[in-house]
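The values are calculated or read from the model by the stated rules, or taken from the named source; none is laboratory data. All figures in this text were calculated on a predicted structure; none of them were measured in a lab. Here Cβ is always computed from backbone atoms with ideal geometry, including for glycine, and neighbour counts include all displayed protein chains. The accessibility values were calculated without ligands, DNA or RNA, using every heavy atom of the protein model including side chains. Shrake-Rupley method; radii C 1.70, N 1.55, O 1.52, S 1.80 Å.
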Amino acid sequence: MTGVNLWELAERAKRRLPEIAKGRRDLALSRMAELLESRWEEVLRANREDLEEAERAGLSRAKLDRLALKEKDLKTLTQGLRQIASLPDPLGRIEGLAKRPNGLRVGRMRVPLGLIGFIYEARPGATVEAVAVALKAGNAMLLRGGKEAFRSNRALVALWHEALKEAGLPEEAVILVPTTDREAILEMCRLELLDLLIPRGGEELIRLVQKEARVPVLAHAKGVNHLYVDEEADLSMALRLAVNGKTQRPAVCNALEALLVHEKVAEAFLPMLERAMREKGVELRACPRALSLLKEAVPAQEDEWDREYLDLVLRVKVVSGLEEALEHIARFGSRHTEAICTKDPKAAWRFLEEVDASLVLWNASTRFNDGFELGLGAEIGISTSKLHAYGPMGPMELTTLKWVALGEGQERA
């Protein structure tokens, strides 16, 4: 046991759900944006303390990158909050209202999911984004962040409580589990007051939650993401997409992990790729055919084709064509993000239709699989599990539909 009564915390939040759904949620989001702008230095101070301790503990470079809040993050977070606030309210509308032969009008009303448990690792920005998405949809949040980001998360939740109070909403809409004890993860998995549990982090965390949970789980799994360079690709465009996908921010789930290159353009493309990636400090790990065209690559091992590096490492494979590329992605992809670079619409549309991933792109970087970039304002995670959402989860994905019937005294015969 953690010494924290999670059942009591969850029960308090559950009781306030009707107030949250009916309250001034957009005002709370807008006020949170203002508080971040005026108090950002407080958040950065807490974050620096987290970073210093994480560095002493030997946290990996990828995790340090996810833990660090930067000046540019303020703009992204505040823009996201305001974008979400400006979205139409997803609650209360009745969809598909139709009249039955007996005059009864039936439809489906969009309502909140309820109390959402969010278990996430060293990523304090998610404390803003995930709460904003959930709150817009009228949900309450029980947060269990990574121990590395505890000070940062506590500072951000304190700002959320101020924003909620000023909007006339209960503080129980956002509750941070006040312990870094790992046992709290298992307790949340068994907390049947939760309507949904969302794990966001490494593969080990996702599998643990899926194994232990007694409530529905929406999983944000690893991103083994590919770019296929077709024989009809614009090679300069393909190079830009590869460099952006791999190096713009390598430690995130939508970063590029593998490049598939058509054999007809491999001889021209791979030396260009090697020069560009060398300048960025990227290590190339290649199949035998690609190795013969590269000077400094190392052989890719058979057991690493489905690996998520979250680092400056890129796999390269020469394929015979679209068919082999599709087969490779079906075998090794993680249903997260896949892209094709080609000038051939027929090849592009086959790729878009046949690849099973939460976002499939034509002539664009894998880095666009992001709630903010896709117009949601932010995301609570990127679902790779299809039920009931697939891809970035915005406010609409955190609602459900209940049936409503409008009658005039009808009785069933």
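In the list 70, 63, 14, which residue meets the criterion of being at negative phi, without any contact (Cβ under 8 Å) to a residue 12 or more places away in the chain and under 27 Å from the mean Cα position of the chain (by Cα)?
Residue meeting the stated conditions: 70.
Just one of the listed residues (172, 148) is buried (at least 20 other Cβ atoms within 10 Å of the Cβ), over 21 Å from the mean Cα position of the chain (by Cα), assigned to a helix (DSSP H, G or I) and acidic (Asp, Glu), and it is 172. Test residue 320 against the stated conditions and say whether it is farther than 27 Å from residue 66 by Cα and among the hydroxyl-bearing types (Ser, Thr, Tyr). Taking the combined requirement at face value, the residue satisfies it. For segment 312-328, the set of residues classified as within 22 Å of residue 222 (Cβ to Cβ) and open to solvent by 10 Å² or more (accessible area, probe 1.4 Å) consists of 312, 313, 317, 326, 327, 328, listed by residue number.
Would you confirm whether or not segment 283-300 contains a residue that is under 16 Å from residue 336 (Cα atoms) and aliphatic (A, V, I, L, M)? No, there is no match, as no residue in segment 283-300 is under 16 Å from residue 336 (Cα atoms) and aliphatic (A, V, I, L, M). Residues that are of a type outside the set (Asp, Glu) and over 28 Å from residue 194 (Cα atoms) were ranked within segment 8-38; the one that is surrounded by the fewest Cβ atoms within 10 Å (Cβ to Cβ) is 38.
Being farther than 20 Å from residue 392 by Cα and touching a Phe, Trp or Tyr at 6+ places or on another chain (Cβ under 6 Å) is a condition met by at least one residue of segment 324-335. For segment 32-44, indicate whether the set of residues that are touching a residue at least 40 places away in the same chain (Cβ under 8 Å), under 20 Å from residue 169 (Cα atoms) and in contact with a strand residue (DSSP E or B) (Cβ under 9 Å, 6 or more places away or on another chain) is non-empty. No; the residues of segment 32-44 include none that is touching a residue at least 40 places away in the same chain (Cβ under 8 Å), under 20 Å from residue 169 (Cα atoms) and in contact with a strand residue (DSSP E or B) (Cβ under 9 Å, 6 or more places away or on another chain). Identify, from the list 379, 373, the residue that is open to solvent by 50 Å² or more (accessible area, probe 1.4 Å) and either out of contact with any Gly (no Cβ under 6 Å at 6 or more places or on another chain) or closer than 21 Å to residue 218 by Cα (or both). Going through 379, 373 in turn, the sole match is 373.
Counting the residues of segment 360-382 that are touching a residue at least 60 places away in the same chain (Cβ under 8 Å), outside any helix (DSSP H, G or I) and closer than 14 Å to residue 227 by Cα gives 4. Could you please let me know if residue 348 is modelled with pLDDT of 95 or more, assigned to a helix (DSSP H, G or I) and open to solvent by less than 60 Å² (accessible area, probe 1.4 Å)? Yes. Limited to segment 383-409, what total is found for residues that are open to solvent by 50 Å² or more (accessible area, probe 1.4 Å), part of a loop (DSSP other than H, G, I, E, B) and not small (Gly, Ala, Ser)? Qualifying residue count, segment 383-409: 5.
Please work out if residue 268 is over 23 Å from residue 370 (Cα atoms) and touching a Ser or Thr at 6+ places or on another chain (Cβ under 6 Å). Criteria not met by residue 268.
Only a single criterion out of (1) modelled with pLDDT of 95 or more; (2) closer than 30 Å to residue 106 by Cα; (3) basic (Lys, Arg) is not satisfied by residue 367, namely (2). In this structure, does residue 133 turn out to be assigned to a helix (DSSP H, G or I), over 18 Å from residue 397 (Cβ atoms) and open to solvent by less than 30 Å² (accessible area, probe 1.4 Å)? It is false that residue 133 is assigned to a helix (DSSP H, G or I), over 18 Å from residue 397 (Cβ atoms) and open to solvent by less than 30 Å² (accessible area, probe 1.4 Å). Summed over segment 83-117, residues that are closer than 30 Å to residue 44 by Cβ and in contact with a Pro (Cβ under 8 Å, 6 or more places away or on another chain) total 2. Of all residues in segment 238-271 being touching a Phe, Trp or Tyr at 6+ places or on another chain (Cβ under 9 Å) and open to solvent by 20 Å² or more (accessible area, probe 1.4 Å), which is farthest from residue 339 (Cα to Cα)? The extreme case among them is 250. Among the residues of segment 379-413, the one identified as among the aromatic types (Phe, Trp, Tyr) and touching a Ser or Thr at 6+ places or on another chain (Cβ under 8 Å) is 390.
With segment 39-129 as the region, which strands (runs of 3 or more DSSP E) entirely inside it contain at least 1 residues that are modelled with pLDDT of 95 or more and buried (at least 17 other Cβ atoms within 10 Å of the Cβ)?
The qualifying strands (runs of 3 or more DSSP E) are 105-112, 115-120.
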